[in-house]
Amino acid sequence: MRKKIVTSVVGIALAAAPFAVAQSKKPAPKKPAAAAPAGKAKSSTSSGMVVVKDPVTGALRAPTAEEYQALTNGGTVSGGTSRTSGPQTAVKGGGAVAEAAVGTQVLHPDGTVSVRLDDSHAVFAVATRTPDGKIVLGEVTGIQAANAAVSKTGKAKTAAKGKADASNEK
Amino acid sequence: MRNKTLALLTGAFLCGASLSQAAATVTIVNNDGPGVGFNDPTPALPVGGNDGTTLGQQRLNAFEFAARKWGATLTSVPTIRIRANWQALACNAGSAVLGAAGATSVWRNFAGAPRVNTWYGAALANALSGAALDPGTPEILARFNIDLGKPGCLTGTFFYLGLDNNAGSSVDLVAVLLHELGHGLGFQTFTNGSNGAQLLGFPSVYDHFLLDSSLNKTWVNMTNAERAASAIRTGGLAWSGPIVNDAAINVLTPAPGLNVTAPSSVAGRYFVGTASFGPALNTTGVTAQVMPVVDQADGRTGLACTTLSAVNRVAVAGKIALVDRGTCTFNVKAQNVQAAGAVGMLVVDNVAGTGVPPGLGGIDPLVTIPSVRILQSDGNALKAALVTRSRTSSPVVATLGIDLLLRQGMNRNGKMLMYAPNPFQGGSSVSHFDTSASRNQLMEPSINADLTHEVKPPQDLTYKLLQELGWQ
């Protein structure tokens with residue numbers, strides 16, 4: 001399926017600006033993403049919708065069933081986990097998308113897939129002053145976790161260097 | 001003049017020199033407005049090799065220094081762009097968010113991708129494909145706390161803006177930047193470690209190298225439940241890649257260990273937790289038979305909290321005494337087996353553990369024999385082998401010392417340990433080297449005061465891990 005798509009876009013620049021794709025207001029989706037193959041297991045964290053960059057207009061639109069298949073590649077990963085990239089939200093019919101939303105998988109004409117990330121994946125460094133005056137640095141993922149770490153009045157969990165339990169206890 | 005220029009511009013723009021070095025060009029995209037952050041005109045005195053004359057310029061110089069370090073290390077035809085700004089981030093008098101960095105997007109199945117159906121951070125994806133996949137968007141986003149050190153924001157503790165790795169009690173901005181940019185360049189999984197779910201159903205390239213030594217599986221071959229369990233298996237999560245592990249032998253310090261040479265059923269190298277009392281272990285080591293103390297009614301436990309019986313004295317004289325944790329302090333146990341003539345002491349932990357055992361605390365100038373803690377599981381294995389001992393002779397022979405074949409921060413199979421505390425620590429777990437690493441590594445979850453600003457051997461393994469992911 002992917003080859004078919006690639007073939008269909010010969011001559012189109014490869015994903016030159018995958019997020020600057022709001023040129024067209026005529027995305028004309030062929031079939032809503034909601035028509036994705038049945039039986040796709042949803043991940044507990046699967047939250048992104050699926051869009052494709054139209055090879056002709058350059059606009060983002062919902063994928064056809066074929067494109068969806070190319071996007072997810074079907075099948076399962078070893079270890080028995082189902083592919084979990086089933087769309088949860090289809091692009092509303094015909095509306096151009098100025099920029100891919102965070103967490104949205106974008107299928108580019110050459111088969112490349114991208115996802116824009118937000119603060120939930122950024123690694124935040126947090127510094128905490130210990131009772132003896134030392135500064136201990138630790139890290140958390142996401143702005144919410146970072147804020148929560150600080151709001152614990154300086155009790156943010158940090159990774160102490162060395163062994164956890166070296167007291168001379170019994 | 002430069003600040004003036006910066007102030008006149010609005011929005012994001014490329015600032016400063018393109019940091020063309022040997023291998024890659026890294027640019028800082030100044031996302032601060034006029035008079036703020038990088039554009040702060042507050043006069044500043046030169047500090048630690050940073051000759052900027054304003055606070056903003058010094059901040060920019062520190063960023064450029066870190067960018068130059070990575071630029072001189074990595075190879076990339078496309079420019080690596082870091083969109084950066086200074087802003088208010090959460091803080092109070094005792095703690096503060098210093099800053100953050102991360103990839104702005106992830107990519108899979110692009111031209112030149114070494115692995116299919118695998119997420120790569122934008123900078124690495126660009127480098128592998130040979131062109132910017134998204135020319136309009138910087139690959140890394142970084143933001144730092146503009147209020148750090150002000151009253152109510154980790155009061156009195158400021159970023160050190162010097163470039164000479166001499167931060168003292170301040171926070172070394174360059175070190176933090178090198179670390180955070182390391183994450184942005186790919187030293188990170190996008191898989192959720194707390195529940196094991198992959199990002200939209202696909203693994204990160206990082207996951208291909210995460211090896212659970214208990215399951216003997218990499219993360220890409222696990223179920224979500226297995227990954228979640230692996231993420232908290234302290235001492236059991238390792239890096240499988242040969243580039244890191246081959247280099248680590250020459251970067252990390254030889255580890256204290258117990259090398260059991262007989263019998264074959266238990267022969268092997270065991271990690272130990274060292275004592276803060278008694279002599280330090282050395283590379284010569286103490287070689288002797290291992291003999292247990294037995295002083296409890298169950299016939300297999302020996303606490304050694306009182307003067308040893310005649311039978312136990314005969315047993316441990318000239319031997320490495322095996323005792324159990326509990327009831328009395330570690331140094332008391334050491335005093336008692338030492339008085340009976342033991343030449344060393346192994347304390348078997350009384351709780352389950354994995355990886356490198358905790359040490360033995362306490363101070364006791366009277367103890368002159370080496371003492372260590374071993375894992376409960378290892379102690380049980382040795383006890384099983386000791387069933388066939390006589391009153392005065394043991395089948396278990398071992399050397400207690402610094403083992404030149406073990407490394408602090410690697411498992412006994414020569415794999416670099418990854419940070420996997422229990423409970424899970426989002427942000428720290430998995431996406432860092434383990435804290436047992438010595439010498440200290442840039443990509444441990446805590447930034448240690450003795451770090452250099454180096455990112456590759458012989459000091460550091462960060463670049464080696466990035467190479468494993470696909471960077472050149």
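The values are calculated or read from the model by the stated rules, or taken from the named source; none is laboratory data. This is a predicted model, so every value here is computed, not measured. FYI the Cβ positions are ideal-geometry reconstructions off the backbone, even for glycines, and counts take in every protein chain you see. For the accessible areas, the whole protein counts, side chains as well, though only heavy atoms, and no ligand, DNA or RNA atoms are used. Shrake-Rupley method; radii C 1.70, N 1.55, O 1.52, S 1.80 Å.
Take every Cα-Cα distance within region B:281-333, group them into 10 Å bins from 0 onward, and report for each bin the whole-number percent of pairs it holds.
All Cα pairs, binned at 10 Å, distribute as 25, 50, 22, 3 percent.
Which of B:329, B:352, B:291 sits closest to the plus end of the dipole of region B:254-407, meaning its Cα is farthest towards the positive end, when Lys and Arg get +1 and Asp and Glu get -1 on the C-beta?
B:291
What FRET efficiency do you get for residue B:249 and residue B:68 if R0 is 22 Å and r is their Cβ-Cβ distance, rounded to the nearest 0.05?
Numbers: r = 29 Å, r/R0 = 1.32.
FRET efficiency, residue B:249 to residue B:68: 0.15.
Across peptide B:189-196, how many C-beta atoms of other chains are within 10 Å of each residue C-beta, on average? List each step's numbers first, then the result.
On the way: counts 2, 4, 1, 6, 1, 2, 3, 4.
Mean number of neighbouring Cβ atoms from other chains: 3.
Give me the percent relative contact order of region B:252-347, please, defined on Cα pairs under 8 angstrom at least 6 residues apart.
Details: 145 pairs, mean separation 21.8, N = 96.
Reported relative contact order: 23 percent.
Could you tell me which residue out of B:35, B:138, B:110 lies farthest along the dipole of region B:2-185 toward its positive end? Charges go on the beta carbon: Lys and Arg +1, Asp and Glu -1, centred on the Cα centre.
Toward the positive end, the furthest listed residue is B:110.
When only Cα pairs under 8 Å and 6 or more residues apart are kept, what is the percent relative contact order across region B:2-185? Don't jump to the answer; show the numbers that get you there.
Details: 420 pairs, mean separation 41.0, N = 184.
Here the relative contact order equals 22 percent.
Mind checking the dipole of chain B: about its Cα centre, +1 per Lys or Arg Cβ, -1 per Asp or Glu Cβ, Debye to the nearest 20?
Values: 30 positive and 27 negative charges, 159 e Å.
That gives chain B a dipole magnitude of about 760 debye.
Which whole-number value in Å² is the accessible area per residue of chain B, probe 1.4 Å? Intermediate values should be presented prior to the final figure.
Working: 16140 Å² over 472 residues.
Roughly 34 Å² per residue, with all protein chains present.
Where the only charges are on Cβ atoms (+1 Lys, Arg; -1 Asp, Glu), what is the dipole of region B:2-185 about its Cα centre, to the nearest 20 debye? Write out the running numbers ahead of the final one.
On the way: 11 positive and 10 negative charges, 60 e Å.
With only Lys, Arg, Asp and Glu charged at Cβ, the dipole is about 280 debye.
Dipole size in debye (nearest 20) for region B:254-407 around its Cα centre, Lys and Arg Cβ +1, Asp and Glu Cβ -1? Walk me through the numbers before you get to the answer.
On the way: 11 positive and 7 negative charges, 46 e Å.
For region B:254-407, the charge dipole is close to 220 debye.
Roughly how much accessible area, to the nearest 100 Å², goes out of reach of solvent when A and B pair up, both sides summed, probe 1.4 Å?
Values: alone 10860 and 18840 Å², together 24100 Å².
The A and B chains share an interface burying roughly 5600 Å².
For chain B, what does -39500 (n - 2.57) per DSSP helix run (n ≥ 4), summed and divided by total residues, give at 222 nm, in deg cm²/dmol to the nearest 500?
Helices in chain B give a 222 nm mean residue ellipticity of -6000 deg cm²/dmol.
Taking 10 Å² as the minimum loss, tell me which residues in region B:214-250 lose that much accessible area going from the chain by itself to the full protein complex (1.4 Å probe).
B:220, B:221, B:222, B:223, B:224
Considering every residue in B:424-431, what mean count of other chain Cβ atoms within 10 Å of its Cβ is obtained? Show your work: numbers first, answer last.
Details: counts 0, 8, 8, 15, 9, 3, 0, 3.
Neighbouring Cβ atoms belonging to other protein chains average 6 per residue here.
Between residue B:93 and residues 5 or more places away or on another chain, which pairs have amide H atoms under 5 Å apart, with H built 1.01 Å from N, and which residues are they?
Excluding prolines and chain starts, which carry no amide H, the hits are B:154.
Please report how far the C-alpha centroid of region B:237-304 lies from that of region B:355-373, rounded to the nearest whole angstrom.
Going from one Cα centre to the other spans 13 Å.
Between region B:385-446 and region B:153-182, how far is it from one alpha carbon centroid to the other, in angstrom?
30 Å
Sequence gap at least 6, Cα distance under 8 Å: using those rules, report the relative contact order of chain B to the nearest whole percent.
Relative CO of chain B lands at 14 percent.
Taking every DSSP beta bridge that has both residues in region B:254-407, what percent is antiparallel when rounded to the nearest 5?
Antiparallel bridges: around 60 percent, rounded to the nearest 5.
Distance from a point 7 Å along Cα→Cβ of residue B:284 to each backbone N in region B:374-399: keep the residues under 20 Å and list them by number.
B:398-399
Considering the Cα positions of region B:2-185, please state its Rg to one decimal place and its Dmax as a whole number of Å.
Rg and Dmax of region B:2-185, Cα atoms, are 16.7, 51 Å.
With the cut-off at 20 Å, tell me which of the pairs B:319/B:383; B:69/B:464; B:69/B:150 have Cα atoms farther apart than that.
Numbers: B:319/B:383 15 Å; B:69/B:464 15 Å; B:69/B:150 29 Å.
From the list (B:319/B:383; B:69/B:464; B:69/B:150), the Cα-Cα distance tops 20 Å for B:69/B:150.
How many percent of Cα pairs in region B:254-407 exceed 26 Å?
In whole percent, the share of Cα-Cα pairs in region B:254-407 beyond 26 Å is 13.
For a label point 7 Å from the Cα of residue B:384 along Cα→C-beta, name the residues of region B:240-275 whose backbone N is under 20 Å from it.
Of the residues in region B:240-275, B:258-272 have backbone N under 20 Å from the label point off residue B:384.
I'd like the FRET efficiency for residue B:377 and residue B:75, computed as 1/(1 + (r/R0)^6) with the beta carbon distance as r and R0 of 45 Å, rounded to 0.05. Before the final figure, lay out the partial values.
Values: r = 44 Å, r/R0 = 0.99.
Efficiency for this residue pair is about 0.50.
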